[in-house]
1. Out of (1) touching a helix residue (DSSP H, G or I) at 6+ places or on another chain (Cβ under 6 Å); (2) closer than 25 Å to B:GLY95 by Cα, the odd one out for A:PHE103 is which?
2. Considering every residue within region A:45-68, establish whether at least one is within 14 Å of another protein chain (Cβ to nearest Cβ), modelled with pLDDT of 95 or more and part of a loop (DSSP other than H, G, I, E, B).
3. Tell me, which residue of region B:61-115 that is without any contact (Cβ under 8 Å) to a residue 60 or more places away in the chain and basic (Lys, Arg) is farthest from the other protein chains (Cβ to nearest Cβ)?
4. If you check A:GLN34, A:GLN38, A:GLN6, which single one turns out to be more than 22 Å from B:GLY95 (Cβ to Cβ) and surrounded by 17 or more Cβ atoms within 10 Å (Cβ to Cβ)?
5. Can you pull out every residue in region A:69-113 that is β-branched (Val, Ile, Thr) and at pLDDT 95 or above?
6. Of the residues B:LEU45, B:LEU21, which is hydrophobic (A, V, I, L, M, F, W, C), in a strand (DSSP E or B) and touching an Asp or Glu at 6+ places or on another chain (Cβ under 9 Å)?
7. Suppose we keep only residues that are of a type in the set (Gly, Ala, Ser) and within 14 Å of chain A (Cβ to nearest Cβ) within region B:1-21. Which one would you say is nearest to B:ILE60 (Cα to Cα)?
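The values are calculated or read from the model by the stated rules, or taken from the named source; none is laboratory data. What you see is a predicted model, and the numbers here were worked out from it, not measured in a lab. Backbone-built Cβ (ideal geometry, glycine too); neighbour counts: all protein chains shown.
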Amino acid sequence: KQEVTQIPAALSVPEGENLVLNCSFTDSAIYNLQWFRQDPGKGLTSLLLIQSSQREQTSGRLNASLDKSSGRSTLYIAASQPGDSATYLCAVPFTGGGNKLTFGTGTQLKVEL
Amino acid sequence: DGGITQSPKYLFRKEGQNVTLSCEQNLNHDAMYWYRQDPGQGLRLIYYSQIVNDFQKGDIAEGYSVSREKKESFPLTVTSAQKNPTAFYLCASMGMVAGGNYEQFFGPGTRLTVL
């Protein structure tokens, strides 16, 4: 059974700092990995989808990397801003099929002035 | 404006009542999903549907029911059999994006509180 872990569960950093969020998964037979952002009381917003054939995917100040062999993905946020404060979740396709996703429990990020 | 809408945003239920949460999408996606989110926990899949008139149970289907009569609609009923229904409910759909990948998109959520 696929298990997805995100460490740390919470992170507080000063504005301007570069930071890395981690996502680990136990079954490396995935074809993509998706990073989401969730603001309090809101739905999830897709940030990046990285295919298994890619090593990196970039969108603005965000960069996601994927290492299938080690079962890890990282989300790099450059020059963090208070507006980046949110919970970040990663998700991988369910290995049992059915077009489902298995989600991590998320990292709650707070960027302070 | 393409997207997923959920209504209502907040819902209050008395014990013993059934309530129905609405989810509508105009993205022309075949697959739709219902998740439950509790504080400090990840998303748990309640039900999903890959095509009209078909749906499957997820990990925590007990006490819930769904229907999929139209492609754009996937309502969730929380029945009185659900013992702890207070939670945040998220609806999602999945469709193909550039590059041939399937990506999941979410609605804004409904917060259900049992009084």
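1. (1)
2. No, the conditions are met nowhere in region A:45-68.
3. Looking at the filtered set, the residue picked out is B:LYS83.
4. A:GLN6
5. A:THR74, A:ILE77, A:THR87, A:THR107, A:VAL111
6. That would be B:LEU45, the only listed residue that is hydrophobic (A, V, I, L, M, F, W, C), in a strand (DSSP E or B) and touching an Asp or Glu at 6+ places or on another chain (Cβ under 9 Å).
7. My answer is B:SER7.
Here's the yes/no breakdown for (1) more than 14 Å from chain B (Cβ to nearest Cβ); (2) part of a loop (DSSP other than H, G, I, E, B):
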residue: A:TYR76; (1), (2): yes, no
residue: A:ALA79; (1), (2): yes, yes
residue: A:GLY83; (1), (2): yes, no
residue: A:THR87; (1), (2): no, no
residue: A:CYS90; (1), (2): no, no
residue: A:ASN99; (1), (2): no, yes
residue: A:THR102; (1), (2): no, no
residue: A:LYS110; (1), (2): yes, no
